[in-house]
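Data first, discussion second: the structure below is written as structure tokens.
Rule-based calculations on the coordinates, nothing more; no lab input. Since the model is a prediction, treat every value here as computed from it, not as a measurement. All Cβ positions, glycine included, derive from the backbone under ideal geometry; neighbour counts span all protein chains shown.
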């Protein structure tokens, strides 16, 4: 009978085997190292849309309160019929209850107005969009024409990089020229585009801020990670509407839920980003459906309720406050409200 091996001897042989495998497969180790270095190098190149001195197109409109100031919290809210998806107009202040971190708040400002928007349109110009870009460009122009004439619009294109194609303008001809000169090639820096688009929208002079991002793929080339982007949209007052040409997410059963395909990751990311801001993610089954989608977004932006309150939490601690809006009365059973999930409280000035 052969002698029994000691535990120490077994571990020694196991370690020797792993070492031999690594020595025998230098290519595997090299590929891993190169991939890791590539990711680190990519994250060293922080993207910028324009110079640090943000360009303005005129004085800010001071006739409206924007987002969150020292005291007032302003929530733009859309209310839709659950079955038809149509906007429900004519609601009153009494139809809404507002809660911040579970504490009910007293509504002090309420209106339904067609408020001008500082609006960004973000177009995926990666190579996979080549067959779609003509329809997308036409839909973008139709969207602008259906929006408030007082809106100011900027245009961003993104593939491996993010580029400001057209700065703030109310001139449809300038946007048309920018769209006609787009070049479709390269990868997809989706998260960078949304991050910089939100940043750009925040600098706009109109009382309401929004961006519409149109893409067909999973992010592959961004400096920013998804969680960093979510933190950015949470601290902003910019609504994000997404139009994703990705495959339909199907139920893969119990075991299939442990892993996600590239389209599923793209789908989930667009939904998460949009819902945090009170926007919405759309996933048209056909390319031509984009015209219906952008018409719905334009109508949504022009039909929202503005609900304002002074928070009962007076702490200037910079914490994230979760907001919940409930509907009252007969309308509550057949409708749903869409709004941003919360805001960051102001910080004490040092």
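Things worth noting here:
- Length released on extending from residue 303 to residue 203, taking residue separation times 0.36 nm less the Cα-Cα span: 33.7 nm
- Inter-label distance, residue 314 to residue 227: 3.6 nm, where each label sits 7 Å from its Cα along the C-beta direction.
- Span per principal axis, largest first, for the Cα atoms of segment 296-350 (Å): 46, 28, 15
- You can think of it this way: the chain between residue 150 and residue 114 has 12.0 nm of extra reach, that is 0.36 nm per residue less the Cα-Cα gap.
- Largest-first ellipsoid semi-axes for segment 208-338, taking √(5λ) over the Cα gyration tensor eigenvalues, angstrom: 28, 21, 17
- Set against the 2.2 N^0.38 Å expectation for a compact globular protein, segment 81-130 has a Cα radius of gyration ratio of 1.89.
- Label point distance in nm, residue 101-residue 262, each placed 7 Å from Cα along Cα→Cβ: 4.3
- Taking 0.36 nm per residue of sequence separation and removing the Cα-Cα distance, the residue 134/residue 170 pair yields an extension gain of 10.8 nm.
- Relative packing of 219-232, 145-158, which averages over residues the other C-beta atoms within 10 Å, highest first: 145-158, 219-232
- Applying the Kirkwood pairwise sum to the alpha-carbon positions of segment 121-254 produces a hydrodynamic radius of 15.3 angstrom.
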